[in-house]
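Undergrad: The following block contains the structure, expressed as structure tokens.
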Amino acid sequence: MIEFELSPQQRQLKEFLHWFAEQQVRPASLEADKNHDTPLPLLQQAKAMGLSMESVPSGGGPGGVEGGQGERQGNRIGVIAAEELAWGDASFVLNLPGAGLGGPPVRFMGTPEQKERFLSIFNGPELRWGAYALTEPEAGSDVAGIRTTARKEGDHYILNGTKTFITNGAKASWNVVFATVDRNLGRAGHRAFVVEKGTPGFRVGRIMDKMGLRASETAELVFDNCVVPVENLLGGEERYLQREGFKVAMQTFDSSRPTVAAMAVGIARAAYERAREIARQNLMLGRPSPRYAAIVEALATMARKIDAARLLVWKAAWMADARVPNTKEASMSKAYAGQIGMEVCSMAIDVAAGAGLLHDEYLEKWFRDIKVYDIFEGTGQIQRLVVSRRIFDDLGVRI
Amino acid sequence: MISFALSDDDKGLRDMAHDFADTRLRPAARDCERAGAVPAALQNEYHDLGLDVLALPENAGGAGLGNVSLAIVQEELGWGDAGMLHAMPGPGLFGYLVMATAAAETQERLLGRYAQGLAHAAVAVGEPGPGYSGELVETTAVPDGDSYRLHGHKRIVLGAEGADQYLVAARTPQDGESAMSLFVVAAGTDGLKLGARHRTLGLEAAAFHSLDLDGVLIPGDALVAGGLTPAQLELVQGRADLVLAAEALGVARAAVEYASSYAATRKAFGQLIAAFQGVSFYLADMATQLEAARGLLWQAAWSLDQGQDVSYLLPAAVLQAYEAALFATNGAVQLLGGHGYVQDHPVEKWMRDVRALTLLGGHRDRLTWAAGMAAAGLASAGVKS
Ligand SMILES: Cc1cc2nc3c(=O)[nH]c(=O)nc-3n(C[C@H](O)[C@H](O)[C@H](O)COP(=O)(O)OP(=O)(O)OC[C@H]3O[C@@H](n4cnc5c(N)ncnc54)[C@H](O)[C@@H]3O)c2cc1C
């Protein structure tokens, strides 16, 4: 039945995470932005609370939380959590310890031995991260065009190439690195390797300075005759004979895109609420505002777009929980949330006027942070490409 | 638990409505538009299926359908043809306003007849002059013993011709400057004069007339609700707005489907136009906005069914739906190019129909104001609206 009530478990989690985001995460976020990292004690606290990149941004994975009467609700819980925490600070969410975006490929493609070896390291008390290294300087949206090469030599693969924009790539205990054994094979030539920190021939090129999400690490990774043991080829060699590897890598987007969209909803909601507070104070003080009607309209527009975006996110997550193919809806949620997130954060600055300029009013930070939600995890254009392809697929036309 | 799964009942209703829309409304839409009317046989079928009284309470012979179900059904019917829908029998928008304001016995008395046979009702609120949004009601209701006498001019009344009763907005002395009352006026009452039929932008299968009230004498119990401010009128109209928004989404969905199919066959510069991103991304945006708006509308409908305060959510959802529907129907015409502009294809009609639909209920300015004031908590904080 159509329903929009959170389950008791979902509500509890949401309230708890909201409290945490309000009390701990947001107050630390301005310093974090300046210092390019979330304070360690806060991450330790998050870890102690059981919050991880596993339970949150990829809540939909097979490891996701299961609901009461046997109904899967991991994706719905994941997006609710992502929204609340990103409301506090989006960088904090990306800094949560755990396998991060590297988790899904290991879980979907890894052999039992690999899963044990690479995922168990997150069980201990230490803060550890995994990362997902696909993008290259010359291959972003066009992921099929990656140039990092993998050449087999005895018991090893030799990797050569550069990865860029890799979230947590430098601090990660390992990166899932996509490379090609033969560029002529296109996607069939792609292989996914787990490259551990300290592997000979692997180094961090540089950490990139960014417009926003400044507390999140974005790294360039260099593979210079990097020697990776064959046991680190995800899924083992046979798997790739079935040409499955790349497809599975892409499928992780079906649950990660709604989660990323949920983060955009969280940031936009933060900006809207702050703008609303400022507007309310002005209007209640009776300050004459020739902008009164315009401000009320702006608030109405911001609120409804945020709420509409959330419904897209919820629908995509609900479909993932029900194991209904949701590629189109996942991309819709990401496209829409990325777009309106930017609009809302910009409108919030209009409403707040002068206060929108000031670092300690948060609005300028959220404006900087939100932009990337229309870029990473597939740009707005790529989401539209996915949505329109699905529309035409249904009509039997391949575009 | 958050769920977008339709119940079996809703699926049954949706399929029934879709079938009617597909086999009865859609094929007849152009003919009805040109004729400016819907044939009696189709009206009978609509009535026999009970589509005219789905929303009425059971004591008035209706199905007492909840708002989520109603949104689902009306979307399907809108997908068929919104113009014909508003020429169909039943209490229509009149019903929603009466249900929102009148006591149970009054509802039964005023609405019970629609389940029994073919009958129409009409709403006469708007008036000439700028605004046309309820603020500027100049029609007066002057007490005359136990009765009232109505004087005024209603410029645009949907379904005025053939209606057996009207809901008329007028100001009583108690209402003062800024409020109004709603009265029920029976057709044929002395002094009630139907004006000329308007030609309209869209929804032409339905008829719009002006209506003059020239000293119409009505009994005291014709007063359904008094002292309504424009903001309260907005709330009273809420359910009608929800239904109109669902219909608009249905029309827009039809437009997206049509434009997608067209783009999948039409060629230019040696390739399908679907292969141009200026086309395919436009379509993706149209589909995405509809999906987003439908989610929000369902949430508003669900909240209304739960008895929650929807003073923000409902107008917000209606605005979202109108915005998406206007965008998508305009987009469909654009994607068909010149072919979209001529009447060989239905998209130009859908664009006009949606534009017209958005004017039948709460208006954009008032909906925006209501949503913004409620969202910001300004109304409850004592800021004057
Ligand atoms: C902060 C941050 C964190 C990131 N984290 C990671 C990470 O952890 N792991 C990882 O692998 N990557 C990561 N990325 C990379 C990110 O996914 C890419 O930046 C993104 O996919 C776009 O690729 P690009 O930058 O090369 O842009 P390009 O692909 O060069 O695109 C440039 C422009 O062309 C448009 N365009 C490209 N192709 C098409 C097309 N077919 N149709 C229409 N328009 C098109 C794009 O939309 C864009 O507007 C991160 C990026 C950032 C900024």
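The values are calculated or read from the model by the stated rules, or taken from the named source; none is laboratory data. None of these values were measured; they are calculated from a predicted model. As a convention, Cβ positions derive from the backbone with ideal geometry for all residues, glycine included, and neighbour counts pool all protein chains shown. Ligands, DNA and RNA are stripped out before the accessible areas are found, and what is left, the full protein with its side chains, is counted by its heavy atoms. Shrake-Rupley method; radii C 1.70, N 1.55, O 1.52, S 1.80 Å.
Undergrad: Report, for region A:128-241, the % of DSSP beta bridges that are antiparallel, rounded to 5. If you can, show how the numbers build up before the last one.
TA: Numbers: 28 of 33 bridges.
Close to 85 percent.
Undergrad: Rounded to the nearest 500, what is the 222 nm mean residue ellipticity of chain A from helices alone, with -39500 (n - 2.57) per DSSP H run of 4+ residues and division by all residues? Intermediate results must be reported in sequence, preceding the final value.
TA: Details: 14 runs with 192 residues, N = 399.
Mean residue ellipticity, 222 nm, calculated: -15500 deg cm²/dmol.
Undergrad: How many Å² of accessible area per residue for region B:237-375, probe 1.4 Å?
TA: Details: 4470 Å² over 139 residues.
Accessible surface, normalised per residue, equals 32 Å².
Undergrad: Taking B:LYS11 as the anchor, which lysines have their alpha carbon closer than 25 Å to its alpha carbon, excluding any fewer than eight residues away along the same chain?
TA: Excluding near neighbours in sequence, the set is A:LYS315, A:LYS328.
Undergrad: Could you report chain A's accessible area per residue, 1.4 Å probe, as an integer in Å²? Mind showing how you got there, number by number?
TA: Details: 15730 Å² over 399 residues.
Accessible surface, normalised per residue, equals 39 Å².
Undergrad: Any idea of the total accessible area buried by the B-A contact, 1.4 Å probe, rounded to 100 Å²?
TA: Working: alone 16730 and 17990 Å², together 30120 Å².
Separately minus together, B and A give about 4600 Å² buried.
Undergrad: So, one more: Cβ under 9 Å from A:THR148's Cβ, A:THR148 left aside: what net charge do those residues give with Lys, Arg +1 and Asp, Glu -1? Spell out each step's value before the answer.
TA: On the way: positive: A:ARG147, A:LYS163; negative: A:GLU136.
Taking every other residue near A:THR148 into account, the sum is +1.
Undergrad: Just want the answer: with Cβ charges of +1 for Lys and Arg and -1 for Asp and Glu, which residue in B:HIS18, B:GLY50, B:MET88 is farthest toward the dipole's positive end in region B:8-94?
TA: B:MET88
Undergrad: Loop only per DSSP, at most 16 neighbouring Cβ atoms within 10 Å: give me the GluC sites (Glu not before Pro) in region A:110-217, ordered by residue number.
TA: On the way: sites: A:GLU113, A:GLU116, A:GLU126, A:GLU138, A:GLU153, A:GLU196, A:GLU217; in loops: A:GLU126, A:GLU138, A:GLU217.
When the GluC sites (Glu not before Pro) of region A:110-217 are filtered for loop state and at most 16 Cβ neighbours within 10 Å, A:GLU126, A:GLU138 remain.
Undergrad: Excluding A:PRO229 itself, calculate the net charge of residues whose Cβ lies under 12 Å from the Cβ of A:PRO229, where each Lys or Arg counts +1 and each Asp or Glu counts -1. The partial results should precede the final answer.
TA: Details: positive: A:ARG117, A:LYS152; negative: A:GLU153, A:ASP155, A:GLU196, A:GLU231.
It works out to a net charge of -2.
Undergrad: Checking the cross-link filter: which lysines have an alpha carbon closer than 17 Å to that of A:LYS371, excluding same-chain neighbours under 8 positions apart?
TA: Answer for A:LYS371, where 17 Å is the Cα cut-off: A:LYS210, A:LYS305, A:LYS334, listed by chain and number.
Undergrad: Run through the DSSP bridge list for the protein assembly as shown and note the antiparallel percent, rounded to the nearest 5.
TA: On the way: 60 of 73 bridges.
Percent antiparallel among DSSP bridges in the protein assembly as shown is about 80.
Undergrad: Let me know the mean shielding of A:328-340 by other chains, meaning the per-residue number of their Cβ atoms within 10 Å of its Cβ.
TA: Numbers: counts 4, 3, 0, 2, 8, 4, 1, 5, 5, 1, 0, 2, 1.
Average per residue, whole number: 3.
Undergrad: Could you identify which residue out of B:ALA317, B:ALA293, B:ALA63 has the top mean-square fluctuation in a GNM of chain B using Cα springs shorter than 10 Å?
TA: B:ALA63
Undergrad: Give the angle, between 0 and 90 degrees and rounded to the nearest 10, that separates the Cα long axis of helix B:238-263 from the longest principal axis of the Cα atoms of chain B.
TA: 20
Undergrad: Which parts of region A:367-392, residue by residue, lose 50 Å² or more of accessible area when the rest of the protein chains are there, as against the chain isolated (1.4 Å probe)?
TA: A:ARG384, A:ILE391, A:PHE392
Undergrad: Suppose every K and R has +1 on its Cβ and every D and E has -1 on its Cβ; what is the size of the dipole of chain B about the Cα centre, in Debye to the nearest 20?
TA: Magnitude of the dipole: close to 1020 debye.
Undergrad: Using a 1.4 Å probe on the protein chains only, how many percent of the accessible area of the protein assembly as shown belongs to carbon and sulfur? Intermediate results must be reported in sequence, preceding the final value.
TA: Numbers: 15710 of 30120 Å².
Heavy-atom surface of the protein assembly as shown belonging to carbon and sulfur, 1.4 Å probe: 52 percent.
Undergrad: What longest region of chain B stays clear of trypsin sites (Lys or Arg not before Pro) that DSSP places outside H, G, I, E and B and that have at most 14 other Cβ atoms within 10 Å?
TA: B:1-198
Undergrad: Which parts of region A:303-320, residue by residue, lose 10 Å² or more of accessible area when the rest of the protein chains are there, as against the chain isolated (1.4 Å probe)?
TA: Listed by number, the residues meeting the 10 Å² cut-off are A:ALA303, A:ARG304, A:LYS305, A:ASP307, A:ALA308, A:LEU311, A:LEU312, A:TRP314, A:LYS315, A:TRP318.
Undergrad: Just to confirm the number: angle between the C-alpha axis of helix A:8-20 and the first principal axis of chain A, 0 to 90 degrees, nearest 10?
TA: Once rounded, one gets 80 degrees.
Undergrad: When the scattering of region B:17-85 is computed by the Debye formula from its Cα atoms alone, each counted once and equally, what is log10 I(q)/I(0) at q = 0.29 Å⁻¹?
TA: For the requested q values the scattering log ratios are -1.29.
Undergrad: Something else about it: Please compute, for peptide B:365-376, the average count of beta-carbon atoms on other protein chains lying within 10 Å of each residue's beta-carbon. Write down the numbers at each step before the final one.
TA: Details: counts 2, 0, 2, 8, 4, 2, 7, 14, 3, 4, 10, 14.
Average per residue, whole number: 6.
Undergrad: Quick check: net charge around A:VAL79, other residues with Cβ under 11 Å of its Cβ, Lys/Arg +1 and Asp/Glu -1?
TA: Values: positive: A:LYS14, A:ARG76, A:ARG257, A:ARG310, A:LYS315; negative: A:GLU83, A:GLU84, A:ASP321.
Overall, the nearby charge balance is +2.
Undergrad: Can I ask one more? Could you work out the relative contact order of chain B, using alpha carbon pairs under 8 angstrom and six or more residues apart, expressed as a whole percent?
TA: Details: 732 pairs, mean separation 62.1, N = 385.
The normalised contact order for chain B reaches 16 percent.
Undergrad: Taking each residue in B:293-299, count the Cβ atoms of any other chain within 10 Å of its Cβ, then average. What number comes out?
TA: Going residue by residue through B:293-299 and averaging, the value is 6.
Undergrad: Tell me the angle of helix B:364-375 to the major Cα principal axis of chain B, expressed in degrees between 0 and 90 and rounded to the nearest ten.
TA: 80
Undergrad: Just the accessible area for B:TRP298, please: 1.4 Å probe, Å², rounded to the nearest 10?
TA: The accessible area of B:TRP298 comes to roughly 30 Å².
Undergrad: Please check: in the Gaussian network model of chain B (C-alpha springs, under 10 Å), which one of B:LEU97, B:LEU51, B:LEU65 has the largest mean-square fluctuation.
TA: Sorting by GNM fluctuation, first place goes to B:LEU65.
Undergrad: Ok, one more. Less than 12 Å apart at the alpha-carbon level, and either on another chain or at least 8 residues along: which aspartates and glutamates does that give for A:LYS163?
TA: A:GLU136, A:GLU138, A:GLU220, A:ASP224
Undergrad: Which of A:VAL296, A:VAL222, A:VAL176 moves the most in a Gaussian network model of chain A with Cα springs under 10 Å?
TA: A:VAL296
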